[in-house]
């Protein structure tokens, strides 16, 4: 199977699932901002200790996971919009 055929098949299977990827984008953005808030909380409210570092690490992991999830969903949404059939609305 050629890459072009595989890509066309993938787009056909994803057709109509825009809401799924929009939900994934929203969840990723929420995780990102929650992680950023957790890092700010650890920096400003917790005294320097191992607990502060662990909370900041948890916030960093949440922010990275959220950013990756959100970015991948946004890229897929963009590709689905770019390569959809011209007569689809």
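The values are calculated or read from the model by the stated rules, or taken from the named source; none is laboratory data. Predicted, not measured: the structure shown is a model, and the values here were computed from it. Neighbour counts run over all protein chains shown; Cβ positions are idealised from the backbone, glycine included.
Brief remarks on what is shown
- Lone qualifier among 42, 29 - being at pLDDT 95 or above, under 30 Å from residue 80 (Cβ atoms) and in a helix (DSSP H, G or I): 29
- Some residue of segment 47-54 being modelled with pLDDT of 95 or more, touching a helix residue (DSSP H, G or I) at 6+ places or on another chain (Cβ under 9 Å) and surrounded by 14 or more Cβ atoms within 10 Å (Cβ to Cβ): yes
- Flag not set for residue 77, criterion: modelled with pLDDT of 95 or more and either touching a helix residue (DSSP H, G or I) at 6+ places or on another chain (Cβ under 7 Å) or assigned to a helix (DSSP H, G or I) (or both).
- The listed residues are 44, 16, and the only one of them that is on the phi > 0 side of the Ramachandran plot and either without any contact (Cβ under 8 Å) to a residue 40 or more places away in the chain or in contact with a helix residue (DSSP H, G or I) (Cβ under 9 Å, 6 or more places away or on another chain) (or both) turns out to be 16.
- Hits in segment 55-75 - residues which are surrounded by 18 or more Cβ atoms within 10 Å (Cβ to Cβ) and within 30 Å of residue 16 (Cα to Cα): 62, 63, 66, 69, 70, 73
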